[in-house]
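Below: the structure, in structure tokens.
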Amino acid sequence: MNKLSELERARLRWRARRGLLENDLIITKFLDQFEDQLTDIDVSALSQLFEMGDNELLDVLLGRVELSGVYDTPDIRRLISQMREL
């Protein structure tokens with residue numbers, strides 16, 4: 001497992017910035033706790049997740065809707081589960 005470089009960390013945090021404060025708070029809390037444990041697979045899954053629209057992402061994070069389509073992967077489901085537990 002490779003540790004994220006400072007540049008990779010900064011890029012991930014930048015990509016995590018969302019238009020909705022609620023998303024920012026949930027994702028930032030997740031990154032604060034797990035950032036140093038993220039694998040390349042996790043970063044790839046997060047990058048894909050960050051392609052989701054803000055309202056859709058919030059609904060998923062809050063458990064209002066489940067992941068579907070290209071976002072319904074084991075890696076993204078695992079990360080969402082971790083975010084929901086915080």
Q: Take GLU66 and decide whether it is more than 13 Å from the chain's Cα centre (by Cα), of a type outside the set (A, V, I, L, M, F, W, C) and surrounded by 13 or more Cβ atoms within 10 Å (Cβ to Cβ).
A: no
Q: State whether one or more residues within segment 6-16 are surrounded by fewer than 16 Cβ atoms within 10 Å (Cβ to Cβ), out of contact with any strand residue (DSSP E or B) (no Cβ under 9 Å at 6 or more places or on another chain) and not in a helix (DSSP H, G or I).
A: no
(Q) Anything in segment 29-42 that is outside any loop (DSSP other than H, G, I, E, B), more than 13 Å from ILE80 (Cα to Cα) and without any contact (Cβ under 8 Å) to a residue 40 or more places away in the chain? List them, or say none. (A) ASP32, GLU35, ASP36, GLN37, ASP40, ILE41
Q) Which one of the conditions (1) under 10 Å from the mean Cα position of the chain (by Cα); (2) at pLDDT below 95; (3) of a type in the set (A, V, I, L, M, F, W, C) does ILE80 fail to meet, given that it meets all the rest? A) (2)
Q. Is it true that some residue in segment 53-60 is free of Cβ contacts under 8 Å to residues at least 12 places away in the same chain, surrounded by fewer than 13 Cβ atoms within 10 Å (Cβ to Cβ) and touching a helix residue (DSSP H, G or I) at 6+ places or on another chain (Cβ under 9 Å)?
A. no
Q | Residues satisfying the stated conditions in segment 16-43, i.e. of a type outside the set (D, E, K, R) and within 10 Å of the chain's Cα centre (by Cα) | A | ALA16, ASN23, ILE26, ILE27, THR28, PHE30, LEU31, VAL43
Q. What number of residues in segment 61-77 are in a helix (DSSP H, G or I) and either free of Cβ contacts under 8 Å to residues at least 12 places away in the same chain or polar (S, T, N, Q) (or both)?
A. 3
**Q.** Single unsatisfied condition, GLY19 versus (1) touching an Asp or Glu at 6+ places or on another chain (Cβ under 6 Å); (2) surrounded by 13 or more Cβ atoms within 10 Å (Cβ to Cβ)
**A.** (2)
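The values are calculated or read from the model by the stated rules, or taken from the named source; none is laboratory data. Not measured: the values here are computed from a predicted model. Glycine also receives a Cβ, built like all others from the backbone with ideal geometry; neighbour counts cover every protein chain displayed.
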